[in-house]
Amino acid sequence: MAPRYAPSLRSRLAPLLLLLQIGFIVIYAVYIEVLTHLLSLYYLLSFAEFQDVNVMVILGFGFLGTFLVRYGYSATGFNLLVAVMATQWAVILNGIESWYYRGKIRADLRSLVVAEMCAASALISIGALLGKTNPVHLVLIALLEVSGFVLNQWLLQTLLKVPAANSIMLLHIFGAFFGLALTWILFRKGSLQPFEKEKFDRQAGLFSMLGSVFLWMFWPSFNSVLVDHRSPWRKLGAVCSTYLALAVSAVTAAAVSMLSSPKGKLNPVHMQSFILAGGVAVGVSMSAVHQPWEAMTIGFTAAVLSTIVSRYLKTHMLLAFECHDTSALLSTHGLPGLLGWLAHLLLQIKACDDPTVAVRFAVFHICSLLITISLSLSMGIITGLLLKWNFWRPPQDNKCFDDQAFWEVGNQNFVFLKTNVELNIILSLHRKDQIS
């Protein structure tokens, strides 16, 4: 039976999407021009990297959220919807400076890649609210967060002269704290007890693991895509460092997960999320990592930190701070991002011979973190207060984590099979019905 708020969502979601999309078409028609005169080799290289980032954003993040049994359609479908809306919006926002000076927003493969990375920040935040919002909420979150993230980039590059690639790679920290602020504002009293439909099973976990594998495979391209093609040695170093950090974090996450388990077994949630911790951490510190052992140490520390914190802190955050983090956002992106920021600071100071320059860099580096966290928390709180308005018709507690609220799934009955015995009983009863 469809939930009673589902019909009214039609009067909100469809007009919002059509209005936004028509507005984007008009803006693109008037102000966007595509650059076509660059070298073909550069385009070939950029297209391969664009495809890698695109696979991560659409397939990787989409399947990563399918660990909820009754929320598979929404996890993948809404991920695509949010990603494409956020990317279109990010292209416009990132081109405002070009429009101001030239009257046109110039678009190419690099601008699309940067826009998708901005969209990835929004997808990270949405993980904290997975299953507890409707698609209208998600679209508004994406638009507001991308706006805040682009503003954060501009502040860092203008006030602190942070390189563009470094400011963009702070997307993990920005997305994590934005999402935590959102889930704090939108906290439901029913979250203190497990939601009725917040359940997991083997099949859903397998699809989620598939998304994690996609992210793991293409993360080296994600970290190296913004490195200048005119410095191939730096790009190669970024790829190698990211792969080594990911490899070490995968091994370490498996070991720590088994050691921290009372039964001495691997936790599939740990393997799905925390094998990526090394890629997150080394991405934030990429410009300061020059040796393989540095990347491997960062990956090792990130995996240990993420796995332990997820095991022992998530419940305390729910009780103490009223933050129901569905996808373990803090452990997957927040803490590894902060670790990467710290590693960047220490490695840069270590490589600096002049104490004055080292102190200057430390001050600017700390200021960049403070600006990023302050702006992300502020934007998250503002967005959360906007979304608390009942006009957006948030789902009821008993309708959270359920595809049937938004998708035509017929009269499908979701059966939770916990043992092979239950499956055999159902099959035997079905055979008896056919015989009779």
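The values are calculated or read from the model by the stated rules, or taken from the named source; none is laboratory data. Because the structure is a prediction, the values reported are computed rather than measured. For neighbour counting, all protein chains shown are included, and Cβ atoms are generated from backbone atoms with ideal geometry for every residue, glycine included. What goes into the accessible areas is simple: the full protein's heavy atoms, side chains included, and nothing from ligands, DNA or RNA. Shrake-Rupley method; radii C 1.70, N 1.55, O 1.52, S 1.80 Å.
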**Report entry** Given (1) at pLDDT 75 or above; (2) part of a helix (DSSP H, G or I), number of the condition SER428 does not satisfy
**Finding:** (1)
Requested in this report: Might you let me know whether region 358-369 holds any residue that is part of a helix (DSSP H, G or I), in contact (Cβ under 8 Å) with a residue 60 or more places away in the chain and not hydrophobic (A, V, I, L, M, F, W, C)?
Outcome: yes
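Have a look at MET286, MET271 and point out the one that is under 23 Å from the mean Cα position of the chain (by Cα), open to solvent by 20 Å² or more (accessible area, probe 1.4 Å), within 18 Å of LEU246 (Cβ to Cβ) and at pLDDT below 85.
Of the residues listed, the single one that is under 23 Å from the mean Cα position of the chain (by Cα), open to solvent by 20 Å² or more (accessible area, probe 1.4 Å), within 18 Å of LEU246 (Cβ to Cβ) and at pLDDT below 85 is MET271.
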Report task. Might you check whether a residue that is assigned to a helix (DSSP H, G or I), over 18 Å from GLY211 (Cα atoms) and in contact (Cβ under 8 Å) with a residue 60 or more places away in the chain occurs anywhere in region 66-87? Result -> yes
Requested in this report: Please tell me if SER208 is open to solvent by less than 10 Å² (accessible area, probe 1.4 Å), of a type in the set (Ser, Thr, Tyr) and at pLDDT 90 or above.
Outcome: no
Requested in this report: Using the structure shown, decide if HIS333 is over 20 Å from ALA181 (Cβ atoms), buried (at least 16 other Cβ atoms within 10 Å of the Cβ) and either touching a residue at least 12 places away in the same chain (Cβ under 8 Å) or touching a Phe, Trp or Tyr at 6+ places or on another chain (Cβ under 6 Å) (or both).
Outcome: no
**Report entry** Condition met for ILE275 (free of Cβ contacts under 8 Å to residues at least 60 places away in the same chain and either of a type in the set (Phe, Trp, Tyr) or not in a loop (DSSP other than H, G, I, E, B) (or both))
**Finding:** no
Query raised in the report: Do we find a residue being buried (at least 20 other Cβ atoms within 10 Å of the Cβ) and among the aliphatic types (A, V, I, L, M) anywhere in region 310-320?
Result: no
Query - Test set (1) in contact with a strand residue (DSSP E or B) (Cβ under 9 Å, 6 or more places away or on another chain); (2) within 27 Å of HIS365 (Cα to Cα); (3) touching a residue at least 12 places away in the same chain (Cβ under 8 Å) - LYS104 fails condition number - result: (2)
Query raised in the report: Hey, among the residues in region 24-49 that are buried (at least 17 other Cβ atoms within 10 Å of the Cβ) and modelled with pLDDT under 90, which one's farthest from GLY95 (Cα to Cα)?
Result: GLU49
Query - Evaluation of THR133 against (1) among the β-branched types (Val, Ile, Thr); (2) farther than 15 Å from TRP89 by Cβ; (3) at pLDDT 90 or above (one fails), failing number - result: (3)
Requested in this report: Report, by residue number, each residue of region 104-118 that is in contact with a Phe, Trp or Tyr (Cβ under 8 Å, 6 or more places away or on another chain) and outside any helix (DSSP H, G or I).
Outcome: LYS104, ILE105
